[in-house]
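Trainee: Pasting in a structure now, in structure tokens, and then I'll have a few things to ask.
Readers should treat all values here as calculations from the given coordinates under stated rules, not as data from a laboratory. The model shown is predicted, which means the values in this text are computed figures rather than measured ones. Methodologically, a virtual Cβ is constructed for each residue, glycine included, from the backbone with ideal geometry; neighbour enumeration extends over all protein chains shown.
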Amino acid sequence: MPNSAYLQTLPADTGPLKPTEWIGTALRDLRALPDEPRRTFGYAIHLAQRGRHHLAAKRLHGEFAGLIEVVDDFEGER
């Protein structure tokens with residue numbers, strides 16, 4: 001059970017989502033995660049598509065500028 005939850009309301013007319021580009025096995029790997037971290041990553045990706053920022057996300061710089069990295073500290077079955 002998460003220790004905290006975050007809620008962000010979006011305007012009703014936010015326009016189309018920015019595209020997500022999956023590299024290698026990233027989408028398959030995401031789908032294979034347990035529910036809790038998969039929801040965190042999915043919501044962070046959704047916010048990024050809306051031009052917003054999740055607390056678990058950070059923007060990369062240099063060669064990888066324009067990409068975001070999402071980190072979730074999941075403690076459970078591995």
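Trainee: Where Lys and Arg each count +1 and Asp and Glu each count -1, what net charge lies around G42 among other residues with Cβ under 12 Å from its Cβ?
Mentor: That works out to 0.
Trainee: Rg/Rh for segment 11-54: what does it come to with C-alpha atoms and Rh from Kirkwood?
Mentor: 1.02
Trainee: Something else now. With r as the distance between the Cβ atoms of E36 and F64 and R0 = 25 Å, compute the FRET efficiency 1/(1 + (r/R0)^6) and round to 0.05.
Mentor: Here the calculated transfer efficiency is 0.40.
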